[in-house]
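Every number here is computed from the coordinates shown, using simple stated rules; none is lab data. No experiment lies behind these values; they were computed from the predicted model shown. Here the Cβ is made from the backbone with ideal geometry for all residues, glycine too, and neighbour counts use every protein chain on show.
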Amino acid sequence: MHLENLPRLMISAPHKSAGKTMLSLGISSYLSAQGVSVRSFKKGPDYIDPMWHKLASGNECYNLDPYLMGRAGCLASFQGKSCIGENCLALVEGNHGLHDGLSLDGSDSSAGLAQLLDTPVLLVVDSRKMNRGIAALVLGMQAMPPKVHIAGVILNQVTSSRQGEKQKAAIEQYCNVPVLGALPYDKELVIPERHLGLTTVGEITDAERFIRGAADRIAHYCDMKAIQSLFYQAPPMLMGKVDCFGKRCTGRARIGVFLDAAFSFYYPDNLDALKNNGADLVFINSLEERSLPDLDALYLGGGFPELFFDVLSANRGLLRDVRERVEAGMPLYAECGGLIYLCRNASYGGKTVSLAGILPIDIGFARHPAGHGYLDLRSRTDSPWFRKGTQIRAHEFHYARPVMPPAGCSYQFDVTRGSGITGESDGVLYRNLFASFAHLHVIGNPEWAETFLSLASAFKESGR
């Protein structure tokens, strides 16, 4: 254990959709352009915001989720993934509101994470429909436990310079916090949202231009020198063991990973853990490649397959290869979108398409989320993937659901919180296949990667 200077800052807001992602991206992009190495983190289970952060900073963005990873896991991951040294900064974007969370004591909120990491907070507030009363909002953020150090405030969507001046004077008078910028509304700096949150990087025609625009806008209206100084208000951090899934071995097995516009939801920690346990990852574009390469296992993550059903369904060669490999015993792990791909049929937008047909499930899509939030699971049986009695914390966000209760499926888990596949069960088992609506994080489930590699290695050695 030793003390280390680790300049860091959380960007949060009183509520969601206040502008914290735009501000985070702009600050990250601006600092990176100045030669600063920015390592970014996203609080919560989200996949899409980290894609934007990676594009803004040029470095991988990692999730920090106390519910999925545990507080100790979040701290170890943050310390292990941060860049320590001159000209290195760590930026954490909160999720929802600063004090929003499941726990009444707020320990799993963004404020709870800021307290755990002992990091100052830059608060972005939506200025619309408020005047001097905005100071009461900031005061509430300061007073609410877990108490954190709000080191600065950015006003967003200010309607006039007069409004901004009144709000700045009130906040600095009553909250004793500097207002470091006032951003007027700009429709060009709003990332479109859809049913699962922000639009992904790959769907924006010129995402890099958007990020550069945000950086220029923030640099024009905000005191960037003062904002950068906030990182250095963080006290030295007591560093523990920071080897999160350090390099262990190589060449144990080849694991294919669908990675394209339809399948892009993967926690970087999960992919890192597979590589560190000996996986050679082979990335596959399910929209373009007509067959599977030589593999020992397959990982199908989440995403938006419903937007590409026509292309996925027409790619019969790839669907056939996946089906035949599963029948031959090749391990396959699928999450959400991957589960949908393995089903018999799927109906979306008034059209029904045929898919892999490995699972006896027909999928439809509801108007409202069929499952949204944290998911608690208890293993009801021993399988190649999980032992009986294992308890899993995961996350789900899907509009997809079986059209009819699936018949003939064997399930790994009982659902104790959330929806899963049937409302009571999740995790379909078939041969060496596991498919679920659950997204799990390897730091909260450290045996997952080793189990995956053991199955892949066994299949490789079998010579099938």
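Could you please state, rounded to a whole Å, how far the C-alpha centre of the range 328-401 is from the C-alpha centre of the range 260-292?
Value for the Cα centre distance between the two parts: 18 Å.
Restricting to the range 296-377, what percent of DSSP beta bridges are antiparallel, rounded to 5? Intermediate values should be presented prior to the final figure.
Details: 4 of 9 bridges.
Taking every DSSP beta bridge with both residues in the range 296-377, the antiparallel ones total about 45 percent.
Amide H to amide H under 5 Å from Met239: which residues, 5+ apart in sequence or cross-chain, H placed 1.01 Å off N in plane?
When sequence neighbours closer than 5 places are left aside, the close amide H contacts are His2, Leu3, Glu4.
Order these peptides, 144-155, 42-53, by their mean beta-carbon neighbour count within 10 angstrom, highest first. Intermediate results must be reported in sequence, preceding the final value.
Working: 144-155: 21.2, 42-53: 23.0.
For the peptides 144-155, 42-53, the packing ranking is 42-53, 144-155.
What aspartates and glutamates does Lys166 reach when the alpha-carbon gap must be under 15 Å and sequence neighbours fewer than 8 apart in one chain are set aside?
Answer for Lys166, where 15 Å is the Cα cut-off: Asp126, listed by chain and number.
Normalised by the residues of the chain, what does the relative contact order come to in percent, with Cα pairs under 8 Å and at least six apart?
On the way: 1047 pairs, mean separation 64.1, N = 464.
It comes to 14 percent, rounded to a whole number.
Nothing charged except the Cβ atoms of Lys and Arg (+1) and of Asp and Glu (-1): what's the magnitude of the dipole of the range 214-365 about its Cα centre? Round to the nearest 20 debye.
That gives a dipole near 220 debye.
For the range 1-160, what's the relative contact order in percent, using C-alpha pairs closer than 8 Å and at least 6 residues apart? Kindly include the intermediate steps, with their values, before the conclusion.
Working: 312 pairs, mean separation 46.5, N = 160.
Over the range 1-160, the number comes to 29 percent.
Over 23 Å between Cα atoms, which of Lys16/Lys54; Lys20/Lys42; Lys54/Lys129; Lys16/Lys42; Lys43/Lys81 qualify? Before the final figure, lay out each step's value.
Details: Lys16/Lys54 21 Å; Lys20/Lys42 11 Å; Lys54/Lys129 33 Å; Lys16/Lys42 14 Å; Lys43/Lys81 14 Å.
Distance filter (> 23 Å) returns Lys54/Lys129.
When ranked by the protection proxy of mean other Cβ atoms within 10 Å per residue, highest first, what sequence do the peptides 384-392, 353-361, 173-181 form? Could you put the intermediate results ahead of the total?
Values: 384-392: 15.9, 353-361: 20.0, 173-181: 18.1.
The peptides rank, most packed first, as 353-361, 173-181, 384-392.
Taking R0 as 25 Å, what's the FRET efficiency between Asp206 and Lys16 from their Cβ-Cβ distance, rounded to 0.05?
0.45
As a check on your grasp of the helix formula, calculate [θ] at 222 nm for the chain: sum -39500 (n - 2.57) over DSSP H runs of n ≥ 4, divide by the residue count, round to the nearest 500.
Numbers: 14 runs with 143 residues, N = 464.
Taking each H run of at least 4 residues, the total per residue is -9000 deg cm²/dmol.
For Arg367 paired with Glu86, estimate the spin-label separation in nm (one decimal), with each label point 7 Å from Cα along the Cα-to-Cβ line.
With each label point 7 Å from Cα toward Cβ, the separation is 6.2 nm.
About its Cα centre, what dipole magnitude does the range 7-165 give when the only charges are +1 on Lys and Arg Cβ and -1 on Asp and Glu Cβ, stated in debye to the nearest 20?
Roughly 300 debye, rounded to the nearest 20.
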